[in-house]
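The structure appears right after this line, and notes come after that.
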Protein chains: 2
Amino acid sequence: MLLTEPHHAAFRPPLPRLTTACAPLTREVRVVNEFGESRTTAIPAERDLTVYVDKRELVTLMTLGAHPEWLVLGYLRNQRLIESVHDIESVTVDWDVGAASVKTRHGIDAIEERTARRVVTTGCGQGSVFGGLMDDIDRIRLSPSAQLRQSDLYRVVKAIREQESVYKSAGSVHGCALFRGAEMLLFVEDVGRHNAVDTIAGWMWLQDPAEMDGADKVFYTTGRLTSEMVIKSAQMGVPVVVSRSGTTQMGLEVAERVGLCTIGRATHHRFLCFTHPQRLVHDVVPPRPPQALAP
Amino acid sequence: MLLTEPHHAAFRPPLPRLTTACAPLTREVRVVNEFGESRTTAIPAERDLTVYVDKRELVTLMTLGAHPEWLVLGYLRNQRLIESVHDIESVTVDWDVGAASVKTRHGIDAIEERTARRVVTTGCGQGSVFGGLMDDIDRIRLSPSAQLRQSDLYRVVKAIREQESVYKSAGSVHGCALFRGAEMLLFVEDVGRHNAVDTIAGWMWLQDPAEMDGADKVFYTTGRLTSEMVIKSAQMGVPVVVSRSGTTQMGLEVAERVGLCTIGRATHHRFLCFTHPQRLVHDVVPPRPPQALAP
């Protein structure tokens, strides 16, 4: 053991073994345009991935397929079916059969019961959330002092704008990203935006927990600030969510309640802070848009 | 009976009794903008509606709440839980408790079994579809001769552009509409776009079937052309789906298979026809966009 594993491994239980299944993210298709001309264009790939936990079928996810192993980990985490990443022995994805096989170390307690209740939610992608969506939120404690500087918010928005993406080449996908201040740690796209955030949650689970404290993180999503996005961000301990889109009423209410700062309609210098504006430090003054003269 | 019902009612079983629950579609909230100034803005309302069928809890939908009774009817129809609208005696929506109570005439056969399988799908809103999504599609026969004229397509896009909407005032909702040729029959918005299409399906169910043959209809959605959108349109017998957004791979594959014409990226004069372009009649030539001179 001492010969093959670094010293600190003794202090941390092993991480799951993961395949690295890959598959093309876009494909070319023939289309006809408004002049009746035949053309080719790229569309995002979309595959079904059926998740089996200890040989029991759990769910089928429709995914772009960029990081299926992280997606499965994050799905199990965000559905609160598994408490610790160390409880998972392996995740094996095989695109030939569209299956992700999860092997746990100790099984999942009362899995039948915990996957019985269905709530159809607003967001894109994983509309179905097992169990009561709101059950846990009063237990969430986000760092009360965590703040984001407006100058860093502008760097976040700029980094997203400049990011190479499936969206730019093929459209029809949602993106999310995790930032530490203005530094982008991970950028993920998927056909369903819940898959994208779950993939980030799965990736975070695999990192050193000391590095992955959420308090200094910012979560970006191209989608709306719905209640599920807010809850998933809060579950990861991330106190600020930024979007180019707007908010829904439930998203706003949940963010109010858990102390999360939601910033929507963020493009270039413009944005609206919907909740907990005390987390936003106005350290720069953006240029005023040109205005019509008063009559 | 003859005194209170019109003559033709004798030939058609009774329609369900429906409440007409209403509630405000937007609300004003305080926000802070990029200058640190406090402002108000409108956001769409979002409510949870738990559907009970014969006193059994079926699902909780998150909805804007514009037409909850049609939504519930369309949900039951599109999930293929109830075959005929005449099998439903009443739908009673009470926003005070967030409940829709459905009373059927004869119950739903094997409801436990038919709601057991879960597929998490790509689209927005009702991600969860009971039973196999694709099980029925090979039984769908869309009118082989149905076509849409390009001039009518442009009228559809223009009607949507000019439609007064929650989206214009508050953003963060999806819209759908049903057209007969270029005539808009119904426009529906919801926080989840599957709710919007289900509401249209519910409304269609209530109309005279002779009027609601899908062959001369066009379905418009602001969302992506995902497989569920294509399937729901095909289930309504509507052979053409138009969107301002793009397509996903599964959406394209299902549309190919059922013979449905999908038209995406439709804005002003531009569009891409992804599938079955023979349904589109090029009766007008749009203006060419200005082009850079060849070198």
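Every number in this text was worked out from the coordinates using simple rules, so none of it is lab data. Note that the coordinates shown come from a computational prediction; the quantities given were computed from them, not determined experimentally. FYI the Cβ positions are ideal-geometry reconstructions off the backbone, even for glycines, and counts take in every protein chain you see.
Odds and ends about this structure:
- Region B:148-281 - convex hull of the alpha-carbon atoms, volume per residue in Å³: 93 Å³
- Close amide H contacts of B:Leu225 (hydrogens built in the peptide plane, cut-off under 5 Å, sequence separation of 5 or more or a different chain): B:Gly246, B:Thr247, B:Thr248.
- Gaussian network model of chain A, Cα within-10 Å springs - most flexible of A:Arg12, A:Arg265, A:Arg56: A:Arg12
- Amide hydrogen neighbours beyond the local backbone of B:Ser90, cut-off 5 Å, H modeled: B:Arg17, B:Lys103
- Lysine pairs in chain B whose alpha-carbon atoms fall under 19 angstrom of each other, counting only those eight or more residues apart or on distinct chains, come to 4.
- Volume per residue of the convex hull around the Cα atoms, evaluated for chain A, comes out as 185 Å³.
- Most mobile listed residue (A:Asp96, A:Asp48, A:Asp138) in chain A, GNM with C-alpha springs under 10 Å: A:Asp96
- In Hz, Karplus ³J(HN,Hα) per residue of region B:160-170 (6.51, -1.76, 1.60; θ = phi - 60°; x = Gly, Pro): 5, 4, 8, 5, 5, 7, 4, 4, 5, 8, 9
- A point 7 Å from Cα along Cα→Cβ stands in for A:Ala215, and the other copies hold the same point at 6.8 nm, listed in rising order.
- For B:Arg139, inter-copy separations between label points set 7 Å beyond Cα along the Cβ vector come to 4.4 nm, shortest first.
- Stokes-Einstein D for region A:203-295, Kirkwood Rh over Cα pairs, 25 °C, 0.890 mPa s (µm²/s): 172 µm²/s
- Using the alpha carbons alone, the radius of gyration of the protein assembly as shown stands to its Kirkwood radius in an Rg to Rh ratio of 0.97.
- Using C-alpha pairs below 8 Å separated by at least 6 residues, the relative contact order for chain A is 16 percent.
- Rounded to the nearest Hz, the phi-derived 3J(HN,Hα) couplings of region A:217-227 under the Karplus curve 6.51 cos²θ - 1.76 cosθ + 1.60 (θ = phi - 60°) are 9, 10, 10, 10, 9, 6, x, 5, 7, 8, 4, where x marks glycine and proline.
- Extreme residue, positive dipole direction of chain B, given options B:Ile82, B:Leu148, B:Cys22 (C-beta unit charges): B:Leu148
- Whole-Hz Karplus values for region A:181-186 come out as x, 9, 8, 7, 8, 7 Hz, taken residue by residue from phi with 6.51 cos²θ - 1.76 cosθ + 1.60 and θ = phi - 60°; glycine and proline positions read x.
- Beta-bridge orientation, the protein assembly as shown: approximately 70 percent antiparallel, per DSSP, counting only bridges with both partners inside.
- Extending 7 Å from Cα along the Cβ direction at B:Arg288 and again at B:Arg161 yields two label points whose distance is 2.1 nm.
- Taking the helices alone, chain B has a mean residue ellipticity at 222 nm of -6500 deg cm²/dmol, built from -39,500 (n - 2.57) per DSSP H run of at least 4 residues and averaged over all its residues.
- Alpha-carbon centroids, region A:47-64 and region B:242-259: separation in whole Å: 23 Å
- Shielding score for A:266-278, defined as the mean number of other chain Cβ atoms within 10 Å: 3
- Residue with peak Gaussian network fluctuation, chain A [Cα springs, cutoff 10 Å], from A:Val91, A:Val102, A:Val29: A:Val29
- Gain on full extension, evaluated as 0.36 nm per residue between B:Arg139 and B:Ser90 minus their Cα-Cα distance, stands at 14.7 nm.
- Relative contact order (%) - criterion: Cα under 8 Å, at least six apart; region: region B:190-276: 23 percent
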